[in-house]
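Notes follow the structure.
The values are calculated or read from the model by the stated rules, or taken from the named source; none is laboratory data. What you see is a predicted model; the values in this text were computed from it and never measured. With ideal geometry, Cβ positions are generated from the backbone for all residues, glycine too; neighbour counts draw on all protein chains shown.
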Amino acid sequence: MYHIDPDHFWNLFSGRKVTICWSSDGTTTSRASVLRTGFESWEPQPLRDTVDNIYGVYSQTCGAFTSALPYLPGRQTRETHLGIKALRYGGLADSYSVDRGSLCYFRVFDINLYIRPGTWLIYWIYPTSDSPLNKYIGLDLLCTDGTRLKDSGAVDTRGASMHPADGHIEPFYGSPTIFNGQWNQIKCNVGRWLAGKIVDKIYLSFEVPSHLWGTPWGQGRGYFSGNIDTIYLGHTPGGQLGNVGLTTITR
């Protein structure tokens, strides 16, 4: 039995956010088939400062925050893509160690979500500093069988690897696909690589590539920081959110 809250029946293009979450078979299972959150008070909230794997990263932080900037419906700010809340992360990477470099896996959500061939991961990221290390971070999925999205060979719609250590570089011209100081959208049809699996955890993973291990400050060592907003993980034809029913459904 589901309850449809009319107060949350909002149009995606009005500038307001929508949470979509329902069971995969419509019966008694607790497994979700869709997760969407922009971290607003009525939406799924992330874990705070929960790290499952870390090396060579200090002063790390990750959690939802409320922007102090004036809110205008449908307008982006440097802190939020939509609304007044987002996920803020940051840390100090010291990759001077040549054996492992720096990595930090923030666990953002514990979830039980079935991946279908048409399941997409879509989110927005805003690196907030000029650090070259800002490109070595992204969302990752861990499945119940131990498979990770970052190690599956998955790429986004521009051909850039979903492995954070690859730095969001498209393969044709070697151009970056995310830029500091602006909102960047990442879209990946994760069902191409993970169909039939169940996502157990969602991570925000930072990982410095091996060729930067042992390098001085300003290359493999330095600060990274940014915001993430409007996360969607679920089935949608062609990765177009406009094709998805825009109703908040809760049990």
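Before moving on, here are some points about what is shown:
- Trp124 being in contact with a Gly (Cβ under 6 Å, 6 or more places away or on another chain) and in a strand (DSSP E or B): no
- Taken over segment 159-175, the residue count meeting the criterion of being surrounded by 15 or more Cβ atoms within 10 Å (Cβ to Cβ) and at negative phi is 9.
- Selection over segment 197-231 of residues that are at pLDDT 95 or above, over 24 Å from Asp49 (Cβ atoms) and not hydrophobic (A, V, I, L, M, F, W, C) gives a count of 1.
- For segment 141-162, a tally of residues being touching a residue at least 40 places away in the same chain (Cβ under 8 Å), part of a loop (DSSP other than H, G, I, E, B) and over 14 Å from Ile122 (Cα atoms) returns 5.
- Count of segment 163-176 residues which are free of Cβ contacts under 8 Å to residues at least 40 places away in the same chain and either touching a helix residue (DSSP H, G or I) at 6+ places or on another chain (Cβ under 7 Å) or assigned to a loop (DSSP other than H, G, I, E, B) (or both): 7
- Test set (1) more than 25 Å from Thr61 (Cα to Cα); (2) surrounded by 21 or more Cβ atoms within 10 Å (Cβ to Cβ); (3) out of contact with any Leu (no Cβ under 6 Å at 6 or more places or on another chain); (4) of a type in the set (A, V, I, L, M) - Ile198 fails condition number: (2)
- Residue pairs meeting the criteria (Cβ under 6 Å; at least 6 apart or on separate chains; first touching a residue at least 60 places away in the same chain (Cβ under 8 Å), in segment 38-51; second of a type in the set (Lys, Arg) and in a loop (DSSP other than H, G, I, E, B)): Gly38/Lys17
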